[in-house]
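**Student:** Here it is, the structure in full.
The values are calculated or read from the model by the stated rules, or taken from the named source; none is laboratory data. Source: prediction; values computed, not measured. Because the Cβ atoms are built from the backbone with ideal geometry, glycine has one as well, and the counts that use them run over all protein chains shown.
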Amino acid sequence: MQNGPILAGVPIIESPFFSDFIASHYFDDAQQSIAQDLNLYGFAVLPNFFAQIGHQARQIRQDLQPLFAQGQQSGEDAKQGVFTNRIQDAFKHSQTVKQLATDPRMLALLSKLYGRQAFAFQTLNFECGSQQAVHSDAVHFHSLPERFMCGVWVALEDVTLDSGPLCYYPGSHNLPVYDSRQVGFTPSQRTQQDVYEPLWNKLIETHRLRKQVFTAKAGDALIWTANLLHGGEPILRAGSTRWSQVTHYYFEGCRYYTPMHSDLIEGKVAHRDPVNIAMGVKSSEVPSLRQQQAGNQTLRGFKKAYAALLDTLMPFSARAKQRTRWPEIPLPPDFDAQTYAHLNPDIVEAGLDPALHYCRHGYLEGRPYKISVPIDFDAEAYKALNPDVIQAGFDPVRHYILHGHQENRRYRN
Ligand SMILES: O=C(O)CCC(=O)C(=O)O
């Protein structure tokens with residue numbers, strides 16, 4: 001007898017039964033559009049989620065500018081001697097970084113979307129574009145059960161195309177999470193992300209994934225799921241800044257590890273004991289977290305924050321409806337999903353909904369959704385010349401558009 005959810009060990013937004021959550025009104029309106037974006041595309045833009053960012057951004061700059069000036073590294077970057085133009089775990093130096101990372105509305109939203117209590121465990125602050133190679137976070141920090149990890153990117157200032165914006169590949173979250181043995185090497189503590197990069201580039205090419213960039217406005221946030229391929233675009237304007245903060249979140253009741261350094265076949269797991277930034281303790285030291293069994297999908301402990309979210313989401317919900325940088329157009333009356341899918345096979349391969357894709361992205365990318373029949377197309381002649389079409393019950397115009405023109409069928413006498 002089944003008590004509770006059948007797939008409690010899968011994040012709600014990545015569940016094969018996601019549509020049941022929509023149908024049962026598990027999400028309110030604002031959450032639903034975010035949840036659907038995460039489910040379909042692996043990311044969701046939250047315009048102006050941090051409406052008060054001006055003050056926080058000024059404070060973060062003030063707190064971190066001296067560290068950037070010293071080229072100071074911290075966290076794992078420092079341990080590994082990796083030079084990056086970011087400051088890891090700046091929440092230790094800046095109360096405002098910590099505040100942003102542990103925003104109760106964000107924690108409540110993520111908890112709702114994933115079905116487990118979220119906690120922030122790492123921050124990354126950028127002064128300018130990261131120019132990072134495209135990657136999936138799932139090789140760096142992952143969970144068992146898998147995919148209970150996400151990143152939230154927040155613009156601390158307006159971002160332009162030439163200042164090295166964040167980029168990502170919608171739909172790439174649906175790819176499997178490949179482990180190092182599958183990629184063909186034996187992992188060790190020294191393994192770096194570059195061993196996976198040829199695989200990711202080839203997956204992008206093979207699945208014809210299309211890159212998008214995020215020209216955010218200050219206060220915008222973007223959530224990405226554990227396996228979404230993302231990175232930083234080149235900086236095209238020397239000296240441009242791109243102040244931003246990434247917070248990585250885990251969810252309670254999982255085991256946490258670094259796949260890149262783990263060899264699961266040999267039972268070598270590079271365990272992580274992530275710090276719960278809000279509480280300032282490692283997750284193993286939080287009794288309520290230790291007690292939680294993997295698979296427990298009850299959202300204990302976040303009810304208060306969730307109530308706060310509902311209050312504050314009201315204005316956000318209204319804003320979300322009038323997205324500015326990702327406007328959604330109405331479906332054109334002559335849109336035909338089958339033709340669109342036929343002309344844009346990468347959308348089908350990525351498992352995306354053609355109509356939703358066209359209204360949000362396709363029209364911006366200038367993707368075709370219809371093929372016109374030639375001006376001298378003669379439907380009667382087409383039927384007479386191609387009797388199999390009629391026998392199969394096709395409309396002549398539709399058949400010509402979908403198949404006939406590719407098959408070089410005759411359409412006039
Ligand atoms: O902000 C960026 O340019 C990329 C950040 C990123 O890739 C990450 O934090 O994993």
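**Student:** Give the residue that is modelled with the lowest pLDDT, with candidates limited to residues of the stretch 217-239 that are more than 10 Å from the ligand (Cβ to nearest atom) and among the charged types (D, E, K, R).
**Tutor:** Only one residue fits best here, namely R237.
Each row is one residue, and each column tells you yes or no for (1) closer than 30 Å to T102 by Cβ; (2) surrounded by 14 or more Cβ atoms within 10 Å (Cβ to Cβ).
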residue: R190; (1), (2): no, no
residue: N201; (1), (2): no, no
residue: L209; (1), (2): no, yes
residue: T225; (1), (2): yes, yes
residue: L228; (1), (2): yes, yes
residue: T258; (1), (2): yes, yes
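**Student:** OK, next. Just give me the residues in the stretch 385-395 being farther than 20 Å from Y340 by Cβ and either in contact with a Lys or Arg (Cβ under 8 Å, 6 or more places away or on another chain) or at pLDDT below 85 (or both), in sequence order.
**Tutor:** Result: L385, N386, V389, I390, Q391, A392, G393.
**Student:** Pairs under 6 Å by beta carbon, first residue at negative phi and aliphatic (A, V, I, L, M) in the stretch 97-126, partner more than 16 Å from the ligand (Cβ to nearest atom) and in a strand (DSSP E or B), six or more apart or different chains?
**Tutor:** Listed pairs, sorted by first residue: L107/A118; L110/A118; A118/F251.
**Student:** Within the bounds of the stretch 202-216, is there any residue that is at pLDDT 95 or above, of a type in the set (A, V, I, L, M, F, W, C), part of a helix (DSSP H, G or I) and away from the ligand (no atom under 16 Å from the Cβ)?
**Tutor:** yes
**Student:** Take the residues in the stretch 246-261 that are away from the ligand (no atom under 16 Å from the Cβ) and not in a strand (DSSP E or B), then tell me which one is nearest to Y196 (Cα to Cα).
**Tutor:** Per the stated criteria, the residue is H261.
**Student:** Let me ask something additional. Is one or more of the residues making up the stretch 278-286 modelled with pLDDT under 95 and within 16 Å of the ligand (Cβ to nearest atom)?
**Tutor:** No: the stretch 278-286 contains no residue that is modelled with pLDDT under 95 and within 16 Å of the ligand (Cβ to nearest atom).
**Student:** Considering only residues of the stretch 143-164 that are farther than 23 Å from Q52 by Cβ and either within 9 Å of the ligand (Cβ to nearest atom) or part of a loop (DSSP other than H, G, I, E, B) (or both), which is farthest from the chain's Cα centre (by Cα)?
**Tutor:** Across the stretch 143-164, the extreme among qualifying residues is D162.
**Student:** Those residues that are charged (D, E, K, R) and under 21 Å from F214 (Cα atoms), I need them from the stretch 347-364; list them, please.
**Tutor:** Passing the criteria: only R360.
**Student:** Continuing with this model, one more query. For residues that are under 46 Å from the mean Cα position of the chain (by Cα), assigned to a loop (DSSP other than H, G, I, E, B) and of a type outside the set (K, R), tally how many sit in the stretch 369-413.
**Tutor:** 16
**Student:** Select from the stretch 112-142 the residues that are crowded, with 24+ Cβ neighbours inside 10 Å and hydroxyl-bearing (S, T, Y) and write down the one among them that is farthest from the ligand (Cβ to nearest atom).
**Tutor:** The extreme case among them is Y114.
**Student:** For the stretch 168-186, check the following and say yes or no: at least one residue is in a strand (DSSP E or B), of a type outside the set (K, R), touching a strand residue (DSSP E or B) at 6+ places or on another chain (Cβ under 6 Å) and more than 16 Å from the ligand (Cβ to nearest atom).
**Tutor:** no
**Student:** Please enumerate the residues belonging to the stretch 334-368 that are farther than 23 Å from L175 by Cα and at pLDDT below 80.
**Tutor:** Y363, L364, G366, R367, P368
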